[in-house]
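Here the structure is laid out as structure tokens; the discussion comes afterwards.
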Amino acid sequence: MSADGRTRTLDTMIEVKGLTRTYGGYTAVDDISFRTRPGSVTGFLGPNGAGKTTAMRIMVGLTAATRGEATIGGHRYHDIVNPGRHVGVLLDAGAQHAGRTGREILSLGARIMGLPVSRVDEMLDLVSLDDDEAKRKLRNYSLGMKQRLGIAHALLGDPEVLVLDEPANGLDPAGIRWMRDLLRGYARRGGTVLLSSHLLHEVELVADDLVLIGRGRIVASGDRESLASTDAASTLARARDNDELAAALAREGITAVPEGAGLRVSASTADVSRVSVQHSVILTDLRSGAKGLEDLFLDLTSSAQREGAAAPGSLAALSTSNGSPR
Ligand SMILES: Nc1ncnc2c1ncn2[C@@H]1O[C@H](COP(=O)(O)OP(=O)(O)OP(=O)(O)O)[C@@H](O)[C@H]1O
Ligand SMILES: [Mg+2]
């Protein structure tokens, strides 16, 4: 995209470099850096108060950065002419004039962006707001309806980039699935999506890449698969005699610690199986102990971070070419 707002290219990367925002002595966003890939959905994931909204507000020029910068397609948001044609933004679905109807809000947006009024009907249709609902004032909208209108508003100018803060908030299950399909399709056509959530389930099915933020800092980032499989060499095993299994594993140089009714073993299921055969230990249960993304998310964003400790083991090293934190 060029700053004159005319040329449309596929350079739709969002790039955040050393972004920091402090409020008095409090650091809401602490030196975060990441990059989104064109044609992909990046989930910006973190618990309440992690700094997601603050970072996104900086990206779209609503909050000033204390340090660092954020660019979209190489430009600061403020330098993009007719930004709604390039960057669709949904930060706070209720932040529109409450006395206007949904149709009025979209019509006004279309006028400002120089779009034909037919675009309004297309968008209302897309987000499944019917004629009657479009005539109601925003103050009488339900949460989910506001959210749908907000998504319609973000898509109005057919932008190449979407910055959406918790867009699934208030949507019913069908709405969440609809939004997921919409964003996947949008990314498939080359669009770039940055999508925040404090709920892993909302983003794990739609995001190609994840940026995990806790207490203002990025604690892990990378593509979803590599983040999810960081703990593959972990197995939960149970034997008729757990002590016997632990001893056999120790002889092979494999560590195991008690967990539940069995052992958590730092090796693959295949290795544990091999050792049990070699040492004639009878197993009664054997399964992958790899933690899911949910555990990873909780580990990374809760206790370890609160204590100011590094993220656990292999996870600390996680960062990929597309999203390298510091
Ligand atoms: N204008 C402000 N003045 C003081 N503190 C602020 C301001 N804006 C944000 N903060 C603080 O910055 C931190 C990050 O807030 P932010 O809204 O970015 O979190 P979030 O990740 O979006 O959380 P949530 O999931 O609850 O939406 C919070 O502790 C918040 O209180
Ligand atoms: Mg927020």
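Projecting the Cα atoms of 195, 219, 298 onto the charge dipole of the chain, computed from C-beta unit charges around the Cα centre, puts 195 farthest toward the positive end.
Taking other Cβ atoms within 10 Å as a rough exposure proxy, 131, 209, 31 sort from fewest to most as 131, 31, 209. Partner aspartates and glutamates whose Cα lies under 13 Å from the Cα of residue 137, excluding those fewer than 8 positions away in the same chain, are identified as 104.
Using the Cβ of residue 197 as centre and a radius below 10 Å, the other residues enclosed give a net charge of -3, where K and R count +1 and D and E count -1.
Springs between Cα atoms under 10 Å define the GNM used for the chain, and in it the highest mean-square fluctuation of 113, 56, 145 occurs at 113. Among 282, 213, the order by Cβ neighbours within 10 angstrom, fewest to most, reads 282, 213. Taking the alpha-carbon distance from residue 135 and a cut-off under 18 Å, which lysines remain once sequence neighbours fewer than 8 residues away in the same chain are dropped? Within the straight-line cut-off, residue 135 pairs with 146.
In this structure, residue 244 and residue 268 have a Cβ-Cβ separation that, at R0 = 25 Å, corresponds to a calculated FRET efficiency of about 0.80. Going from the residue with the fewest nearby Cβ atoms within 10 Å to the one with the most, 86, 279, 75 rank 279, 75, 86. Roughly speaking, what is the centre-to-centre gap between the range 127-146 and the range 59-118 when only Cα atoms are used, to the nearest Å? Cα centroid of the range 127-146 versus Cα centroid of the range 59-118: 20 Å apart.
Bear in mind that the values in this text are calculations on the coordinates, not laboratory data. All of these numbers come straight from a predicted model, not from anything done at the bench. Cβ atoms come from the backbone with ideal geometry, glycine included; neighbour counts cover every protein chain shown.
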